[in-house]
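Participant: Dropping the structure in here first, questions after.
What follows draws every value from the coordinates through simple rules; no lab data is involved. In this text, all values refer to a predicted model and were calculated from it rather than measured experimentally. Glycine gets a Cβ as well: all are built from the backbone with ideal geometry, and neighbour counts include every protein chain shown.
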Ligand code: 2AL
């Protein structure tokens, strides 16, 4: 999809072209509603501003589409393929790392009641593990802020890649 096409296609097709970015249909619909965009920069800026209203409810809803770090995505959809690619560095045969992530994930879920979310792209498995351990020391409010920011990062990264 390029920007010209995105501006011109039906609302349903436009929405379909970006729905893999995050499992929040209202966000995608609002982004489509604000067409046409004069530039990709304008589209990305508006997309970012629309993420600023996200709250804990949105995070819960969006997390349903994100597999745990180190685990395979369920299903065969576009989102599952994206997650596998983003997490390529931790789906390796490094058993100690995989085990440490599994233990970290379990501790995180015990503490915060939700799946640990991090933008995996651009981070090594060790860096992800270090972040997981650091964030385990957050209080609930701070962690909610960080997780939401990670969700924004993943979403906007996916959106940029959609138009590349
Ligand atoms: C993910 C995912 O699916 N992609 C990514 O960057 N991080 N999942 C996660 N639990 O953090």
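Participant: Compare the peptides 98-109, 33-44 by average per-residue count of other Cβ atoms within 10 angstrom and give them in order, highest first.
Facilitator: 98-109, 33-44
Participant: If you rank 4, 51, 162 by fewest surrounding Cβ atoms within 10 Å, what's the result?
Facilitator: On the way: 4 10, 51 19, 162 14.
Ordered by Cβ neighbours within 10 Å, fewest first: 4, 162, 51.
Participant: How far apart, in nm, are the 7 Å Cα→Cβ label points at residue 121 and residue 42?
Facilitator: 2.4
Participant: Give the order of 78, 121 when sorted by the count of other beta carbons within 10 angstrom, beginning with the fewest.
Facilitator: Values: 78 12, 121 16.
So the residues, fewest neighbours to most, are 78, 121.
Participant: Working from Cα positions, state the angle (0 to 90°, nearest 10) between the long axis of helix 140-162 and the longest principal axis of the chain.
Facilitator: 50
Participant: Can you tell which of 49, 84, 17 shows the greatest fluctuation in a Gaussian network model of the chain with Cα springs below 10 Å?
Facilitator: For the chain, modelled as a Gaussian network with Cα springs under 10 Å, the answer is 49.
Participant: Pop a pseudo-label 7 angstrom from the Cα along the beta-carbon direction at both residue 57 and residue 5 and give the gap in nm to one decimal.
Facilitator: Each label point is offset 7 Å from its Cα along the Cβ direction, giving 3.5 nm.
Participant: On to the next question. Measure off 7 Å from each Cα along the Cα-to-Cβ vector at residue 153 and residue 112, then give the distance between these two points in nanometres to one decimal.
Facilitator: Going from the residue 153 label point to the residue 112 one covers 1.2 nm.
Participant: Working from Cα positions, state the angle (0 to 90°, nearest 10) between the long axis of helix 125-135 and the longest principal axis of the chain.
Facilitator: Between helix and principal axis, roughly 80 degrees.
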